[in-house]
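Input: a single structure, listed below in structure tokens.
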Amino acid sequence: MTFLALKKNLLLATVITGICSSAFASAAYDITNIGGSSSRDIENGQIVRATSNSDFSSNIILGSGNSETVIAENVSGAGSLNLSGGAVYWTTAAFIDGNLERTLHVYESGETSVVVTSANEMRGFSYDDEGNVAWVEMVNGGNEVFYYNGLSITQITSGHTGFTISDDDRNIHTDNGNVVWREGFTLFMWNGISTQQASLEDQRISRFASLDGDKLVYISQDASTNLSEVFAYQSGSLTQLTYNGVSKTKVFAEDGMIAYQVSNITCSSCIQSSDLYKLENGSSTLLSERSVTVDIDGDKVVWTEGLSLDINDALYVNENGATTQIESTGPRFNSMMAEGNQIVWTTGNSAQGGSETMLAGPAAEQVVVVNLGAEHSVTQIDLSETVVVEVSQWVGWTWSPNVIGFGFSSGDGAPINGFSVVDSEGNSHELYGYWTSINQPFFWETVTLTIPAQPGRVISVQWWATAE
């Protein structure tokens, strides 16, 4: 099975009204429809998705590049789908001899195996990028935290009943061998050896926290003002990161970056979008006034915009202080996630025949091809983009040269030191001064050289044929 054809290549620059703190940029993204899904995850260029069958079972499909592989068929009650360290995890629930049993499966290196099967309720599965899994399981009437490191299962807690199992992954996280969970209004962190309390006893913790390696970031109340602020716990130390007192609702920490959302609800019965801020060096920068779903990917903050959780109608990326609109025509951006310079979401557009899974990634570099025309003519080339120059005009020649010479000179008055060109064999040739010539073999076929981009510069190129 192959991915569907390329949907579009966008080069968009937009302005979000009311926001003046960011520069705005253009960027090209390829957007591809890869088919329907009920759930999905992305990691290192791979995408796993679950598709629904007519009998309410699911197929688990793993894709990379232009190919896909069905790794599980007719799965009953598939849930908690995730890619972690190259392994695909999912859960199933089925009645066995009249008892409901839950199973965590893993697909790795072409093989599927069972991690654990339990008659207990199991929920709140959380994954990192290294094949580790944490979850909550009801044991003897209490909700206990479990951890799987790819080899063995560890029960982290015993006799803990304060964790509400319905809270799911909003309250349990794993990353780089650490596990965080909440009991009542207190956060705890397990580092693989011991458990530490990661928040103060009298802090009222927001149910949304975020774990980045061994750094736990969460929203709680300032002890003196009683207002909502962002806190971080790391290596036994608790730090307050914000002091602005606005009503924060969610915080996101990943790859060393932190972002948070602030409620802008105007009526008690409305579900509104939120203001989105990026937190750097103790300073908060407003990115959006209509954010809905948010994710962090390396040095980028990615978010959808819309009126509410049910209506998100645009997709944005902020990188290096510049905000780019990637997509605006999708009807909805459900379950958006970003990883490895790729973004995946589901449209949820029933008018177009059901939900479709969309994948966005940076477009391939656009290469300009310039034919240099007749021999000895001079062509000036703007190097704002990579350019391929070609020579092919020798129709009617009555002699047989064996060398095509290329001459490069400055087209803007500045030396061409630091410029280079690459031949068809991949060899790089350095240019210098105000004039450099390069010879290439002639075989009665088009001869090409690639000139990498040098934004802001102009170069002059000419060619000639010789016999040596």
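The values are calculated or read from the model by the stated rules, or taken from the named source; none is laboratory data. Keep in mind it's a predicted model, so treat the numbers as computed, not measured. Glycine gets a Cβ as well: all are built from the backbone with ideal geometry, and neighbour counts include every protein chain shown. Just the protein is used for accessible areas: all its heavy atoms, side chains included, with ligands, DNA and RNA removed. Shrake-Rupley method; radii C 1.70, N 1.55, O 1.52, S 1.80 Å.
Roll a 1.4 Å probe over the protein heavy atoms and report the accessible area of Glu385 in Å², nearest 10.
Its heavy atoms expose roughly 80 Å² to the probe.
Provide Asp41, Asp55 ordered by accessible surface of protein heavy atoms (probe 1.4 Å), highest first.
Ranked list, largest accessible area first: Asp55, Asp41.
Does the chain classify as rounded, prolate or oblate by the C-alpha gyration tensor (a ≥ b ≥ c root eigenvalues; a/c under 1.5 gives rounded; else a/b over b/c gives prolate, otherwise oblate)?
Details: a/c = 2.46, a/b = 1.84, b/c = 1.33.
Here the chain falls in the prolate category.
Solvent-accessible area of Arg182, probe 1.4 Å, all protein chains present, reported in Å² to the nearest ten, please.
30 Å²
For Glu201 and Glu130, compute 0.36 nm times the residue count separating them, minus their Cα-Cα distance, and round to one decimal in nm.
Net length gain for the segment: 22.4 nm.
Give me the aspartates and glutamates in straight-line cross-link reach of Lys278: C-alpha distance below 19 Å, same-chain residues under 8 apart excluded.
Here the aspartates and glutamates satisfying the reach criterion relative to Lys278 are Asp212, Glu229, Glu254, Asp255, Glu289, Asp295, Asp297, Asp299, Glu305, Glu319, Glu339.
What's the extension gain from Ile153 to Leu238 if we count 0.36 nm per residue and subtract their Cα-Cα distance? Don't skip to the end; give the middle numbers.
Values: separation 85, 0.36 × 85 = 30.60 nm, distance 2.95 nm.
That works out to 27.6 nm of additional length.
Using a 1.4 angstrom probe on the protein heavy atoms only, could you order Ser113, Ser263, Ser210 from most to least accessible area?
Ser113, Ser263, Ser210
Compute the relative contact order of the chain as a whole-number percentage, counting only Cα pairs closer than 8 Å that sit 6 or more residues apart in sequence.
Working: 1203 pairs, mean separation 46.1, N = 468.
Normalised by residue count, the contact order of the chain is 10 percent.
Which FRET efficiency value, to the nearest 0.05, is calculated for Thr117 and Thr69 with the Förster distance at 22 angstrom and r the Cβ-Cβ distance?
0.35
Could you work out what % of the accessible surface of segment 55-106 is carbon and sulfur, using a 1.4 angstrom probe and leaving DNA, RNA and ligands out of the count?
C and S atoms contribute 46 percent here.
Please work out how much length the chain gains when fully extended from Ala414 to Ser283, using 0.36 nm per residue of separation minus the C-alpha to C-alpha distance, in nm with one decimal. Walk me through the numbers before you get to the answer.
Values: separation 131, 0.36 × 131 = 47.16 nm, distance 4.12 nm.
Contour length minus the Cα-Cα distance gives 43.0 nm.
Based on the Kirkwood radius over alpha-carbon pairs, what is the Stokes-Einstein translational diffusion coefficient of segment 69-213 at 4 °C with 1.567 mPa s viscosity, in µm²/s?
Result for D is 82 µm²/s.
Tabulate in residue order the Karplus-calculated ³J(HN,Hα) for segment 377-383, using 6.51 cos²θ - 1.76 cosθ + 1.60 with θ = phi - 60°, rounded to whole Hz; enter x for Gly and Pro.
Using θ = phi - 60°, the values come out as 6, 10, 10, 8, 10, 7, 9 Hz.
At a probe radius of 1.4 Å, what is the per-residue accessible area of Ile42, in Å² to the nearest 10?
Ignoring ligands and nucleic acids, Ile42 comes out at about 10 Å².
Using the Cα centre as the reference, give the magnitude of the dipole from point charges on the C-beta atoms of the chain (Lys, Arg: +1; Asp, Glu: -1; all else neutral), rounded to the nearest 20 debye.
Charge dipole of the chain: 880 debye, to the nearest 20.
Over segment 346-468, what percent of the accessible surface lies on carbon and sulfur atoms, probe 1.4 Å?
The value for segment 346-468 is 50 percent carbon and sulfur by accessible area.
Among Trp435, Trp135, what's the order by accessible area (1.4 angstrom probe), most exposed first?
Details: Trp435 115, Trp135 0 Å².
Ranked list, largest accessible area first: Trp435, Trp135.
Given a Förster distance of 35 angstrom, what is the FRET efficiency for Asn427 paired with Val458, based on the Cβ-Cβ distance and rounded to 0.05? It would help to have the intermediate numbers written out before the result.
Values: r = 24 Å, r/R0 = 0.70.
It comes out at approximately 0.90.
In Å², what does the accessible area per residue of the chain work out to with a 1.4 Å probe?
The answer is 46 Å² per residue.
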